[in-house]
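**Student:** The structure's right below; bear with me while I get my questions together.
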Amino acid sequence: MRRAVRRRTNGRMIRIPTLAAALAVLAFASLARSDTPARAPVVVPSDRPPDPDRPVIDPGMNPSPTTILRNEYAALLDPPGRKMPADAAQLDAMLAAGQYAALYARLTGPRTPDEILLDINWEQAGIFNGASVLVTFAAVDDELRYVPFAPPDKQAPAQQTAMVFGLYALAQLKVGASVCGSPFVSERRLQELDQQFAAMWKAGRALPAAQRAQLAQFALNTEAVTRPVRQHDVVICSWGPTKDAEPPASAGIGSDLPADGASYPFGASDSMGNPERDPYTHLAAEVLGQISPPTGAPQ
């Protein structure tokens, strides 16, 4: 087995988990039937617990560790030749046009298990290529929908993959909201993330501490490798078809998506020169905290 690659950056040694080591931790293989859509494994790539004081790869570091990690993740989330849904081109077009309500309705509508797997393939490729947090929400939903149809030995990995993408959505919201100019929108989307997947978060908090750390590490790595390709996300910074000052209580992210083609006047990050407002300052602790038991509860 290959060992973890180490790179020295700005005087510090950064551990880059290799793909071989990743596969040894958690693999979610496709079903054995030959008519099942081909699916690459999704894995937790490190047994190193997240550092609560800084993200896995700091924004100011030399980008080479991120490049190494991104190359590893390409084989996991967007491998060449992977089967896609029959309407993948239409999904791409809806995403590009900002047709968020129609896209989310399509990705969360009734489907067969095989169709769900194909949609997961599209969603994972989208995540790797920096798609909106809306696609991440859909990926979490689809992983959870697939659990009952998976073989017994694949059900726990499927649920944990959903947790990883849920934690990545949390990181997207925390980082993306720094240019929204309103803390309210961040809190609204975070509440939706909590409420829509409450049962999943409860299950995550019951996992052993080492396993929770692995899931958080994968989510933080996913944020790091998608950072160079993510754009400002209108879904994070706006809600509903109109810009009401006080929108009604949300029934989930699908209930208050921006209008088709909506834009948002993104500003500079509000954290400039203020480490306490820098979304990366506490990101690792916040991601791990999402699936940690309350203080004083058994670990």
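Where a number appears in this text, it was derived from the coordinates with a stated rule and is not lab data. This one's a predicted model, so the numbers in the text were calculated from it and none came from an experiment. Here the Cβ is made from the backbone with ideal geometry for all residues, glycine too, and neighbour counts use every protein chain on show.
**Student:** Consider a paramagnetic label point 7 Å from the Cα of D78 along Cα→Cβ; state which residues of the stretch 122-136 have an amide N under 15 Å from it.
**Tutor:** Inside the label zone: 122-133, 135-136.
**Student:** Estimate the FRET efficiency between A285 and A93 by the formula 1/(1 + (r/R0)^6), using the beta-carbon distance for r and 35 Å for R0, to the nearest 0.05. If you can, show how the numbers build up before the last one.
**Tutor:** Working: r = 39 Å, r/R0 = 1.11.
After rounding to 0.05, the efficiency reads 0.35.
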